[in-house]
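The values are calculated or read from the model by the stated rules, or taken from the named source; none is laboratory data. None of these values were measured; they are calculated from a predicted model. Positions of Cβ are generated from backbone atoms using ideal geometry, with glycine treated the same way; all protein chains shown enter the neighbour counts. Ligands, DNA and RNA are excluded from the accessible area calculation, which covers all protein heavy atoms including side chains. Shrake-Rupley method; radii C 1.70, N 1.55, O 1.52, S 1.80 Å.
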Amino acid sequence: PAPTTTATSVASSANPATAGTTVTFVATVTGNGPTGSVRFADNGTTIAGCDAIALTGSGNARNAACATNALAAGSHAIVASYSGDPTNATSTSSALTQVMSAPVKGTNVALASNGGVASASSAYSAAYGVAGVNDNRRAGVSWGNGGGWNDGTPGAFPDWVQIRFSGQRTINQVVVYTVQDALGTHAR
């Protein structure tokens, strides 16, 4: 007899989701006790680690799940393709449009433009002033020309720098940059 016609569908655990977070795609294959595997693809390209996910469950509707955190921001056409087995024909789902939003970046409350005021224990000279601490430049390209702070007491400690905010703030992350290893060869 001819193989049983099957139907494959795909669903998402979160749609939309934030790029970088894990999304699980679940394919459901309906047939005559289907066995075999499912391949998940994003815009025609197999999703890493999701090329042959075995069906699980019992009965005439069985599932396969693919989890990934590699989807970039944007829209993705996710398709699940069932491999078939000796008694069940192959089938492919309709495309699921998975929307991945760009991660939300918080406000840098330390920036001078956001009211942050930097102060320090000392400064080597005006060319290495404390204003370079919170100017949002991180590549060191203006080092020695206002692009970073250097203390004025070499070999004497402690040295410190601080930012006074323009009001009460909730802070969930602090990032500190230092001079890059290859200071004379700035990447631009």
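Details
- Among the listed values (1) 80, 13, 9; (2) 40, 26, 14; (3) 58, 16, 13, the one matching semi-axes √(5λ) of the Cα gyration tensor in Å as calculated from this structure is (3).
- Karplus 3J(HN,Hα) series, Hz, for region 76-88 with 6.51 cos²θ - 1.76 cosθ + 1.60 (x for Gly, Pro): 10, 8, 9, 10, 10, 10, 8, 6, x, 8, x, 10, 10
- Probing with 1.4 Å while keeping every protein chain in the model, the per residue accessible area of the chain equals 60 Å².
- Most tightly packed first, judged by the mean number of other beta-carbon atoms within 10 Å of their residues, the peptides 99-110, 2-13 read 2-13, 99-110.
- Distant-in-sequence amide H partners of Thr6 (H built 1.01 Å from N, under 5 Å): Ala89
- Theoretical FRET efficiency, 1/(1+(r/R0)^6), r = Cβ-Cβ of Ala102 and Thr153, R0 45 Å, to 0.05: 0.55
- With the simple spin-label model, which puts each label point 7 Å out from Cα in the Cβ direction, the Ala72 to Thr56 separation comes to 3.1 nm.
- Gain on full extension, evaluated as 0.36 nm per residue between Ala112 and Tyr177 minus their Cα-Cα distance, stands at 21.7 nm.
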